[in-house]
Amino acid sequence: MPPAYVKPYVKRGKNDAVDAAAICEAVTRPTMRFVVMKSAEQQAALSLHWTSNLLVKQRTQLVNMIRGLLSEFGMDIPEGLERALRAFQVLTEAYPAFAK
């Protein structure tokens, strides 16, 4: 339960006993919303989604890093993954030292 849902039920200063009493009070309210437990399938789907997002983010970081490094050599690489990969392939064929 988020602390923001419990805060209205805190009557006085903050300590463990007061917090526990506020949580007990909040839980007994009929309008209190709780988080539903996710099934194993839902957790697996979320894990795949998070992993996919992470891979896309890391790929973008890598392409941007390569673009930045090559721009220091005066080579402009167009934005976009496909164009950047194509340009990088052309550069590695023309300058094998970049591929090392």
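Rounded to the nearest 20, the Cβ-based charge dipole of the chain about its Cα centre (Lys and Arg +1, Asp and Glu -1) stands at 480 debye. Consider a paramagnetic label point 7 Å from the Cα of Arg33 along Cα→Cβ; state which residues of region 1-17 have an amide N under 14 Å from it. Output list for this probe position: 1-6. If the segment from Glu41 to Ala17 were pulled out straight at 0.36 nm per residue, it would be longer than the present Cα-Cα gap by 4.9 nm. Extension gain, Gln89-Met75: 0.36 nm per intervening residue step, less the Cα-Cα distance, totals 3.7 nm.
Every number here is computed from the coordinates shown, using simple stated rules; none is lab data. Keep in mind it's a predicted model, so treat the numbers as computed, not measured. Cβ atoms come from the backbone with ideal geometry, glycine included; neighbour counts cover every protein chain shown.
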